[in-house]
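> Below is the structure I would like to discuss, written out as structure tokens.
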Number of protein chains: 2
Amino acid sequence: MPAEHACPSPSTAPPEDRPLSGTALKILDASKVLFLDHGYDGVNLDRIAAHAGVARQTVYNLFGSKEAVFRATMRHHWAAFELQEVAAGLNRDLARAEADPAAFLRRFSDTILTFVTETDQIAFIRLVVAESRRLPWIATEFYDLGKAPLVETFTACLRHMTETGALRCPDPELAAHQFLGLIQEFVIWPRVMAIGPDAMRLPPTGVVVEEAVAMFLSRYAPATS
Amino acid sequence: MPAEHACPSPSTAPPEDRPLSGTALKILDASKVLFLDHGYDGVNLDRIAAHAGVARQTVYNLFGSKEAVFRATMRHHWAAFELQEVAAGLNRDLARAEADPAAFLRRFSDTILTFVTETDQIAFIRLVVAESRRLPWIATEFYDLGKAPLVETFTACLRHMTETGALRCPDPELAAHQFLGLIQEFVIWPRVMAIGPDAMRLPPTGVVVEEAVAMFLSRYAPATS
DNA sequence: GGCCGACTAGACTGGACAGTGCAGCCCAAA
DNA sequence: TTTGGGCTGCACTGTCCAGTCTAGTCGGCC
């Protein structure tokens, strides 16, 4: 780490947004797999280069340092999120949601559940937790690019449903986090902690979602029902 | 790691349960602080020895390897939990709880909240997440010695309150996890992820607990109230 | 005094790994 | 055909660190 304290690094600045050559993409794909599987310290640039089918020197030519590769890998991953699409999907559901909040909550659960599994979120969360002390920007970016938009969209939906009378949430943001907590306690954190589902016999996901919806609505469904 | 695959290491076996000399305790205290602050890879035995005011060779004499020091540190930490005391406290509350489930839930929340802050659980969870891939025993032990007893005691309380009619939980274990999820989403995970409370403006803990209690009871309070 | 066990101090080995330098190769464009 | 850029392969440096070895100190105990 030559320039550790040389550059202030504004923590959210996008210093490198070149188009990314094909070779660079090969490297990022390889490093994503390896970093997710083994963590930052568990991977060296020899392995990344070999896995990408590229000379190690090329990695240095394109990225300059191991940390830069790691950073680029994270950005590249997050850039592929297409959270707008998720948000659009949620908003599209909103019309029907006013008639049936339970169905909306179920659909939202499905959305985040597939998002989590399809984008390796478990491994990414593990990486964020493991490296956030050394590389503080990683936690900030993860939150800003990953979780915050999801929570905000969901909050907006809850607020809208409250305004139309389908729900009664005095504090939609708190309610959003509560609902997420009801799901994640069963689905995310045991996996992040690598506690086998065998150790803590968990109910199937369908039950978790149904129970979360039931609890949420028993608190926030409008009184007149 | 000389004997990596030599010994099957039954993953929960307690290989070393000597009384622990004063020097060993000094080393464990030092290594606990350092491992919590910097992670496994972020600490070398020179630092541990220096911090303990002891020669590096002494560390090897007493523990044999870095991983053994780490393991002993974890065990020593977990052995100090005195979870029985917590459980006893909960059970003592149970008599009053039948009259006032809300008060019981508040007291339970306080218990786990002080437990979490007083025993550095945040840093420990981070360590577990970071190292659980390399050292799988760490997750198992953390769960068996830390979380499982708490969940079981809480579950037993909920079941008992259901039997006496103070509550109506068809599945007390699921309900216990739900309540924990409602609290931890706000109090534990943001800190584990090192997302500053500034980034995701969180409600104060008191509000979190009150809202969790309210939601829990609106779902599980007996119908006749 | 002599023995012993706990601890110390420091040198040393061996391996892993980030990062650099450089000569050369391939290929496309001029 | 020449030139230049992207890539390769390899050798090399410097550093960090786990783990070992050894000679020596200190205090208690017989």
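The values are calculated or read from the model by the stated rules, or taken from the named source; none is laboratory data. What you see is a predicted model, and the numbers here were worked out from it, not measured in a lab. Cβ coordinates were reconstructed from backbone atoms using ideal geometry, including for glycine residues, and neighbour counts include every protein chain displayed. Surface areas here come from the heavy atoms of the whole protein model, side chains and all, with no ligands, DNA or RNA. Shrake-Rupley method; radii C 1.70, N 1.55, O 1.52, S 1.80 Å.
> Criterion first (more than 25 Å from B:Val129 (Cβ to Cβ), open to solvent by 10 Å² or more (accessible area, probe 1.4 Å) and within 10 Å of chain B (Cβ to nearest Cβ)) does A:Leu217 satisfy it?
Considered against the rule, which asks whether it is more than 25 Å from B:Val129 (Cβ to Cβ), open to solvent by 10 Å² or more (accessible area, probe 1.4 Å) and within 10 Å of chain B (Cβ to nearest Cβ), A:Leu217 comes out as yes.
This table checks each residue for (1) in the same structural domain as A:Glu210 (by TED's automatic domain parsing); (2) closer than 28 Å to A:Met215 by Cα; (3) among the small types (Gly, Ala, Ser).
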site	(1), (2), (3)
A:Thr58	no, no, no
A:Ser65	no, no, yes
A:Asp93	yes, yes, no
A:Ala103	yes, yes, yes
A:Gln121	yes, yes, no
A:Ala130	yes, no, yes
A:Trp137	yes, no, no
A:Tyr143	yes, yes, no
A:Ala148	yes, yes, yes
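> Hey, among the residues in region A:38-56 that are in a helix (DSSP H, G or I) and open to solvent by 20 Å² or more (accessible area, probe 1.4 Å), which one's nearest to DNA strand D (Cβ to nearest atom)?
The selected residue is A:Arg56.
> A further question follows. With the structure loaded, tell me whether A:Phe35 is within 12 Å of DNA strand C (Cβ to nearest atom), more than 30 Å from A:Arg107 (Cα to Cα), modelled with pLDDT of 95 or more and within 14 Å of chain B (Cβ to nearest Cβ) or whether it fails that test.
Answer is yes for this residue.
Conditions tested, residue by residue: (1) closer than 24 Å to A:Ala24 by Cα; (2) open to solvent by less than 20 Å² (accessible area, probe 1.4 Å).
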| site | (1), (2) |
| --- | --- |
| A:Thr73 | yes, yes |
| A:Ala79 | yes, no |
| A:Glu82 | yes, no |
| A:Ala99 | no, no |
| A:Glu141 | yes, yes |
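> Another question, then. Looking at region A:132-150, which of its residues are of a type outside the set (Lys, Arg) and facing chain B (nearest Cβ under 8 Å)?
If the condition is that a residue be of a type outside the set (Lys, Arg) and facing chain B (nearest Cβ under 8 Å), then A:Ser132, A:Pro136, A:Ala139, A:Thr140, A:Phe142, A:Tyr143, A:Asp144, A:Ala148 are the ones that fit.
> Between residues in region B:201-225 that are closer than 27 Å to B:Asp171 by Cβ and outside the structural domain of B:Ala166 (by TED's automatic domain parsing) and residues that are acidic (Asp, Glu) and open to solvent by less than 30 Å² (accessible area, probe 1.4 Å), which pairs lie under 9 Å by C-beta distance while being six or more apart or on different chains?
none
> Inspect region B:164-183 for any residue being out of contact with any strand residue (DSSP E or B) (no Cβ under 8 Å at 6 or more places or on another chain), open to solvent by 20 Å² or more (accessible area, probe 1.4 Å), within 29 Å of A:Glu141 (Cβ to Cβ) and at the interface with chain A (Cβ under 8 Å from one of its Cβ atoms) and give the result as yes or no.
no
> Consider A:Leu62 against the criteria (1) within 12 Å of DNA strand D (Cβ to nearest atom); (2) closer than 20 Å to A:Ala123 by Cβ; (3) not β-branched (Val, Ile, Thr): it satisfies all of them except one. Which criterion is unmet?
(2)
> Checking A:Ala123 against (1) within 15 Å of DNA strand C (Cβ to nearest atom); (2) within 14 Å of chain B (Cβ to nearest Cβ), only one condition comes out false. Which one?
Result: A:Ala123 passes all but (1).
> Give the number of residues within region A:28-37 that are open to solvent by 70 Å² or more (accessible area, probe 1.4 Å) and within 25 Å of B:Leu135 (Cα to Cα).
Counting residues in region A:28-37 that are open to solvent by 70 Å² or more (accessible area, probe 1.4 Å) and within 25 Å of B:Leu135 (Cα to Cα) gives 1.
> Output the residues belonging to region B:194-208 that are open to solvent by less than 10 Å² (accessible area, probe 1.4 Å) and either more than 9 Å from chain A (Cβ to nearest Cβ) or part of a loop (DSSP other than H, G, I, E, B) (or both).
The one that is open to solvent by less than 10 Å² (accessible area, probe 1.4 Å) and either more than 9 Å from chain A (Cβ to nearest Cβ) or part of a loop (DSSP other than H, G, I, E, B) (or both): B:Met200.
> Would you mind finding the one in A:Ser9, A:Ser21 that is at pLDDT below 90, open to solvent by 40 Å² or more (accessible area, probe 1.4 Å) and at positive phi?
The conditions single out A:Ser9.
> Still on this structure, please answer the following. Going through region A:184-193 one residue at a time, which ones are in contact (Cβ under 8 Å) with a residue 12 or more places away in the chain and either at the interface with chain B (Cβ under 9 Å from one of its Cβ atoms) or within 16 Å of B:Pro190 (Cα to Cα) (or both)?
A:Phe186, A:Ile188, A:Pro190, A:Val192, listed by residue number.
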